[in-house]
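The structure under discussion appears below in the form of structure tokens.
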Amino acid sequence: MRRDRRWTLLAAVAAGAALGLAGCAEDQVHFHDDIDLVFDFEPFNPAKPPPDELHSPYVAGAVFRMYAFRDHDRMDLWSAWAESDNPTVLDIGGRENTESMHSFDCYADAPGVAEITVYRREGSRTVWGRAQVEVLFPDEARLTFAGPLFIDAPTAEFVVDGPVSVLRDGTASFLVEYFRDGRKLSGNDVLTAQSRDPDALEVRVVQTYLFEDREWIQVTPRQAGDHVIDLFVAGRPVGVVTVRTVEPEDVAFIELRAERDKAAKEGDILAVWALGYDDAGNPIYGIEFDWDLVGNWRPESGQGDLFKYVYERREDATLEATYRGHEQRVHIHADDGWVSSTNDLGCTAGRSGRAGPGSLLLAAMAAWVLVRRRRATGA
């Protein structure tokens, strides 16, 4: 009796092992998309995708790339083929294959639910895996000033919830995010922004694709007063923004906010952000400051609201920002740096599409060379 039970147990274990090796026919790939929710200025790496997999629901109009990775090396995806069961909601194109991955572009065309199925090959009914995604129209477009993102700081203080003050002839950049009933929608390149008085307020929509896929609007007031921007997604209104023009003499004081360096490593690029305020303590965006790394042997060139530097633990320096007689200082660990701006958002592309991989590679190489040169020569 014991022998029979033992053989039964061994047979069950063997059968389980065989199933484990073969895998369930419809559960042999795992899905990711290229939507990067972490603002860290690092490019998306399909070989090391973020752990949170798909970022459904997606905003209507978005285009993103989806990846199906194999779960084991006893299969290959050279001939894998993805299909959508509802192309009017989510269509698929631009398929590419490797041994371990099948990737494809997804076009979120209309609200609804679609199931993505990855087949063994085109025309085959053998399924490697399935993923369900949802597409929604937003009922809110939320704007956040770009500044805190550059110093890895909390953003809640700078979410736009009323008229936003911008210096006359200055430019300010705002991250745009989409929500439906409080749920965050993923994706970008869907926004249209229209100034009701283009002569008084210039506005443009900007897409960035190097390091971070993000949607922004940049505003430049030219005349005094309050000016309204209407926001649309797929032709539907999703909100308005009021920009209040502020004159230079309205700047009452300035503040410096430095990126925390307690966890920084030697050679990391850190930043200090400068911000102006009016008498009531409301932030004023679009100011360009003069900078000085006190004691450095040469003045810093250019104007902007951001100062970047290479972290050097053994160096101690005082960084000074000034605007129309207002002055603030902060202590940093650096012996050199350069003036930048929160309007320098990275590699951008127009509404027609993303920057190509060649231009992204060149931009990344240029950035690497620039940092190397600054560290080596201080140029």
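The values are calculated or read from the model by the stated rules, or taken from the named source; none is laboratory data. From a predicted model like this one, the values you see are computed outputs, not experimental measurements. In this analysis, Cβ positions are derived from the backbone assuming ideal geometry, glycine residues included, and neighbour counts consider all displayed protein chains. The accessibility values were calculated without ligands, DNA or RNA, using every heavy atom of the protein model including side chains. Shrake-Rupley method; radii C 1.70, N 1.55, O 1.52, S 1.80 Å.
So that you can scan it fast, the table gives a plain yes or no per residue for (1) open to solvent by 10 Å² or more (accessible area, probe 1.4 Å); (2) assigned to a strand (DSSP E or B); (3) of a type in the set (D, E, K, R):
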{"position": "P148", "(1), (2), (3)": "no, no, no"}
{"position": "G162", "(1), (2), (3)": "yes, no, no"}
{"position": "Y178", "(1), (2), (3)": "no, yes, no"}
{"position": "V205", "(1), (2), (3)": "yes, yes, no"}
{"position": "E215", "(1), (2), (3)": "no, yes, yes"}
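Scanning the range 213-252 for residues that are touching a Leu at 6+ places or on another chain (Cβ under 9 Å) and among the polar types (S, T, N, Q) gives Q218, T220, Q223, T245. For the range 144-187, the set of residues classified as under 21 Å from S341 (Cβ atoms) and under 13 Å from the mean Cα position of the chain (by Cα) consists of T144, A146, L149, F150, D152, F174, L175, V176, listed by residue number. Of all the numbered requirements in (1) of a type in the set (S, T, N, Q); (2) closer than 19 Å to D34 by Cα; (3) assigned to a loop (DSSP other than H, G, I, E, B), N86 misses one, and that requirement is (2).
Does the range 131-154 contain any residue that is touching a Gly at 6+ places or on another chain (Cβ under 9 Å) and farther than 29 Å from E53 by Cβ? No. Listed by first and then second residue, the pairs linking a residue in the range 153-173 that is under 19 Å from I287 (Cα atoms) and in contact (Cβ under 8 Å) with a residue 60 or more places away in the chain to a residue that is open to solvent by 20 Å² or more (accessible area, probe 1.4 Å) and in a loop (DSSP other than H, G, I, E, B), with Cβ atoms under 6 Å apart and 6 or more places separating them unless they lie on different chains, are S165/N282; R168/E247; T171/N343; S173/N343. Look at (1) at pLDDT below 95; (2) open to solvent by 30 Å² or more (accessible area, probe 1.4 Å) and you find that D33 fails only one, number (2).
Would you pick out the residues in the range 94-104 that are of a type in the set (D, E) and either touching a Ser or Thr at 6+ places or on another chain (Cβ under 9 Å) or open to solvent by less than 40 Å² (accessible area, probe 1.4 Å) (or both)? Selection gives E96 alone.
Pick from A200, A172: which is touching a His at 6+ places or on another chain (Cβ under 7 Å) and open to solvent by less than 10 Å² (accessible area, probe 1.4 Å)? Walk me through how you get there before you give the answer.
Values: A172 fails: touching a His at 6+ places or on another chain (Cβ under 7 Å).
None of the others qualify; the one that does is A200.
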